[in-house]
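Here is the structure we will look at, set down as structure tokens.
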Amino acid sequence: MTWRNRPAAQRVALLGVVLCALHTHGACAEPLVTEHGRAVRATAELEDPGPNAGAAVEGVAQEAVGEWVSVAHLPISVARGSAVAVETPGGAWVVFSGGLTATGSTTDGVYAYDVAHDGWRPVGRLTTTRCNHASVALSDGRVLVIGGQSVQGLRFTGGLRSTEWIHAGSGQVRPGPRLPSGMRRPTVHVMPSGAVVAIGEGVAAVLEDPMAAGARWRMITLRKPRFEHASAVLDDGRIAVVGGQGRRSIEVVDLAAGRSQLRAVRLPEALDDHAVLRLPDGRLWVLGGQKTFAGRTTDETWLIDLPARTVEPGPRLGHPAGVADAGLWMSQDGASAVLAGGESDDHGSDQELAQTWRLTWPGGEPVVQVGPAMPRPHDDAAWAALPDGGAVVVGGVRTRRLLGRSLPTAVGYATRLRVGPVEAGEGE
């Protein structure tokens with residue numbers, strides 16, 4: 001049956017899954033927000049995650065210090081939204097915004113998840129529908145939504161310059177300061193000073209005092225445009241920007257000097273959809289990702305010493321098909337981190353992952369331990385780290401059979417990492 005001859009409902013459904021499938025080429029990828037959330041040191045019982053849970057590394061122990069549980073579903077099915085935890089006097093909430101729906105449209109929906117009572121409620125609506133955006137929580141309880149993309153006329157727009165403020169308590173949503181240029185999949189950092197730094201495309205944008213009336217972004221030009229990159233804050237407050245689609249290079253953004261400089265050291269291959277972690281000794285630990293030109297994900301990791309200009313192989317993640325688009329959190333004490341979920345991809349053939357990995361560095365040397373699987377795989381999901389060291393993972397895509405083909409479709413289920421006892425009756 002040709003596209004034109006298909007019933008309208010089938011055409012709409014196909015459009016949605018095709019647009020979701022475009023994430024492998026950069027359309028609507030989930031931003032990696034680093035240096036903001038609390039980490040997890042967690043394991044859980046395996047609750048029938050299915051064949052896509054990911055492979056374990058033989059002989060590696062799992063430390064049971066928490067549990068992944070299914071929680072209340074988001075009211076809509078959506079991938080590529082953004083989520084962030086907000087602390088209020090009444091407890092912790094997760095604010096979820098935007099995303100790509102199963103029909104292929106971007107949504108303006110904003111929802112808040114009550115962590116203590118396991119329930120969602122609508123909060124308001126964004127002024128611009130978007131996916132592929134980032135969000136950060138400020139100390140006054142507001143959430144700043146940054147950049148992204150919309151779908152207009154069955155096509156993705158370029159990167160959005162708009163930002164928006166969400167006040168979860170009142171439900172008020174209002175425009176924020178415009179970015180110097182559009183950003184798809186920005187990486188975002190909240191600095192110790194309170195400044196917000198968003199990095200994407202060819203720009204690092206700095207909002208020095210987000211709470212000040214009339215605050216504006218200051219622009220620092222990157223040496224190379226970057227998309228699906230990773231970044232990490234260094235000991236001295238500069239920010240290392242690593243790789244990106246078609247990029248091997250690494251550059252360091254100096255916020256005080258207002259410039260960015262390329263470093264002599266480079267990745268072994270062009271890498272995107274990876275994660276990066278700064279170790280206590282200052283080295284960068286690059287984790288997994290997709291080899292841009294090879295068209296497949298990898299389970300390799302690398303240790304980068306910027307002052308010494310060296311790149312060395314690190315311990316492998318142990319998943320033969322590779323890992324990309326995973327969530328990453330540092331622990332509260334800085335002694336460990338967790339990498340969770342994401343996908344394996346070989347030339348467009350995706351496998352969603354439910355696996356987790358515990359990352360430690362005893363004596364300064366990195367170690368990968370296989371953690372517990374989440375109840376369900378989460379790829380293209382939104383990840384929010386909780387103040388207690390747990391996490392909530394929302395939505396994403398699952399590959400399903402549709403009209404005789406295997407295509408991804410958006411889902412609305414959510415998963416929580418609980419640290420400590422799980423209350424009776426919680427979850428599904």
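Could you tell me whether segment 172-183 includes any residue that is free of Cβ contacts under 8 Å to residues at least 60 places away in the same chain and within 18 Å of the chain's Cα centre (by Cα)? So far as segment 172-183 goes, yes, one or more of its residues are free of Cβ contacts under 8 Å to residues at least 60 places away in the same chain and within 18 Å of the chain's Cα centre (by Cα).
Within segment 340-358, one or more residues are within 14 Å of Gly289 (Cα to Cα), out of contact with any Asp or Glu (no Cβ under 9 Å at 6 or more places or on another chain) and buried (at least 24 other Cβ atoms within 10 Å of the Cβ).
Conditions tested, residue by residue: (1) under 23 Å from the mean Cα position of the chain (by Cα); (2) closer than 27 Å to Gly334 by Cβ; (3) of a type outside the set (Gly, Ala, Ser); (4) surrounded by fewer than 19 Cβ atoms within 10 Å (Cβ to Cβ).
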position	(1), (2), (3), (4)
Ala204	yes, yes, no, no
Thr221	no, no, yes, yes
His229	yes, yes, yes, no
Arg247	yes, no, yes, no
Glu251	yes, yes, yes, no
Asp254	no, yes, yes, yes
Thr297	yes, no, yes, no
Glu312	no, yes, yes, yes
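Please work out if Leu317 is of a type outside the set (Val, Ile, Thr), crowded, with 22+ Cβ neighbours inside 10 Å, outside any strand (DSSP E or B) and touching a strand residue (DSSP E or B) at 6+ places or on another chain (Cβ under 8 Å). Here the answer is yes, as Leu317 does meet what is asked. Only residues that are open to solvent by 10 Å² or more (accessible area, probe 1.4 Å), under 21 Å from Thr163 (Cβ atoms) and either touching a helix residue (DSSP H, G or I) at 6+ places or on another chain (Cβ under 9 Å) or of a type outside the set (A, V, I, L, M) (or both) were counted across segment 80-102, and they come to 1. Just to be sure, is Met211 of a type in the set (A, V, I, L, M, F, W, C), open to solvent by less than 20 Å² (accessible area, probe 1.4 Å) and out of contact with any His (no Cβ under 6 Å at 6 or more places or on another chain)? In short, no. Contact map, segment 327-339: residues that are on the phi > 0 side of the Ramachandran plot and assigned to a strand (DSSP E or B) paired with residues that are among the basic types (Lys, Arg) and open to solvent by 10 Å² or more (accessible area, probe 1.4 Å), Cβ distance under 8 Å, separation 6+ or inter-chain. No pairs are found.
Listed here are the strands (runs of 3 or more DSSP E) enclosed by segment 243-312 that have at least 3 residues being among the aliphatic types (A, V, I, L, M): 250-254, 275-278, 284-287. In segment 125-201, counting only strands (runs of 3 or more DSSP E) that sit wholly within it, the ones holding 3 or more residues that are in contact with a strand residue (DSSP E or B) (Cβ under 8 Å, 6 or more places away or on another chain) and within 22 Å of Asp254 (Cα to Cα) span 187-190.
The values are calculated or read from the model by the stated rules, or taken from the named source; none is laboratory data. Please read these numbers as outputs of a predicted model, since none were measured by experiment. Reconstructed Cβ throughout: ideal geometry from the backbone, glycine too, with neighbour counts over all protein chains shown. For the accessible areas, the whole protein counts, side chains as well, though only heavy atoms, and no ligand, DNA or RNA atoms are used. Shrake-Rupley method; radii C 1.70, N 1.55, O 1.52, S 1.80 Å.
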